[in-house]
Amino acid sequence: MYFIILTVYLPYKIRIMKTDTSKNKPKAIVQQMLDDKKVIREYIKKHGSLKGFGSDTIRLSRPF
Amino acid sequence: MIQLDSLDHFEVIFNEESLSYEFTTDDTIKYIITFIDYAQVIEVQFPFYAFGIERYPENERSISNNKVRNTVIYILSKFFSNNQNALVAIYDSLDGKQKSRKRLFDRWYHLFNDGSVSKEEGCFNSCEEETYAIVIYSNRNNNIDIIKEKFNYLINQDFFNS
């Protein structure tokens, strides 16, 4: 699947890029894992626990 | 092989409010263990979690290292009591100590694995740091091939190649 993305740079250059989303997907997933980890770490560092932590995207679970 | 039942470990509680497992050492260092559900993100139909372990205060270490180790192993043994669970972990690399963490976990793995679980490992470059990742699954998991395939799909990418 391809998207055509128009980007505009000063002074008004227009660039057309083709993006292969299938290639970017695993990178995005791994990056999400890293970002989620960082968010949790920062929260704990600030608050001492995860009490009050809420996120629409980080699905904390109880597997056992 | 050390018997997991005989391990001296700290009491683990599940915090319903924060959805995390916690234990506190005798010297009041708190450990917070998280399992983040990525099944939907990775597009699998079985339990697939990312494992995280944080310490508070971050820069303090308990003198009861072995008991901390035992407690983490105890938690993982409980996790794999459901043999359909799969777990991925990325060794933290923000402080540059990811290799040490990997070596430590490798030691634990060889010390405590009774043959019931297996792992795949990989590394990638993130922000110009070599970063290690691991996936662990029960040998009785019905989806081993998919687990390996998904893990390799995630790891064997030219990460940050721009």
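The values are calculated or read from the model by the stated rules, or taken from the named source; none is laboratory data. Small disclaimer: the values here were computed from a predicted structure and weren't measured. All Cβ positions, glycine included, derive from the backbone under ideal geometry; neighbour counts span all protein chains shown. The area values use the complete protein model at the heavy-atom level, side chains included, leaving out ligands, DNA and RNA. Shrake-Rupley method; radii C 1.70, N 1.55, O 1.52, S 1.80 Å.
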Mean accessible area per residue over chain B (1.4 angstrom probe, all protein chains present, square angstrom) is 53
Those residues in segment B:38-86 that give up at least 50 Å² of accessible surface, probe 1.4 Å, once the partner protein chains are present instead of the chain by itself are B:TYR38, B:VAL41, B:GLU54, B:TYR56, B:GLU58
So for R0 = 30 Å, FRET eff. of B:SER100-B:ASN142 from the Cβ-Cβ r, to 0.05, ends up at 0.30
For chain B the mean separation of alpha carbon contacts under 8 Å (6+ apart) over residue count, i.e. relative contact order in percent, is 20
Taking R0 as 41 Å and r as the Cβ-Cβ distance between A:GLU42 and B:SER6, the FRET efficiency 1/(1 + (r/R0)^6), rounded to the nearest 0.05, comes to 0.65
Quick shape summary for chain B, equivalent ellipsoid via Cα gyration tensor, semi-axes whole Å in descending order, reads 25, 20, 16
Rounded to the nearest Å, the spacing of the alpha-carbon centers of segment B:70-113 and segment B:1-52 is 11
On complex formation of B with A, accessible surface lost, both sides summed, probe 1.4 Å, nearest 100 Å², amounts to 3600
Measuring from its Cα centre, chain B shows a charge dipole (+1 at each Lys and Arg Cβ, -1 at each Asp and Glu Cβ) which, in debye to the nearest 20, is 480
Inter-chain shielding metric for B:12-18, i.e. average beta-carbon neighbours from other chains within 10 angstrom, reads 3
Taking a straight Cα-to-Cα line shorter than 30 Å from B:LYS67, and setting aside same-chain lysines fewer than 8 residues away, one finds A:LYS37, A:LYS38, A:LYS45, A:LYS46, A:LYS51, B:LYS30, B:LYS78, B:LYS97, B:LYS99, B:LYS102, B:LYS119
Heavy-atom accessible area of segment B:22-92 with neighbours in place, 1.4 angstrom probe: carbon+sulfur share in percent works out to 43
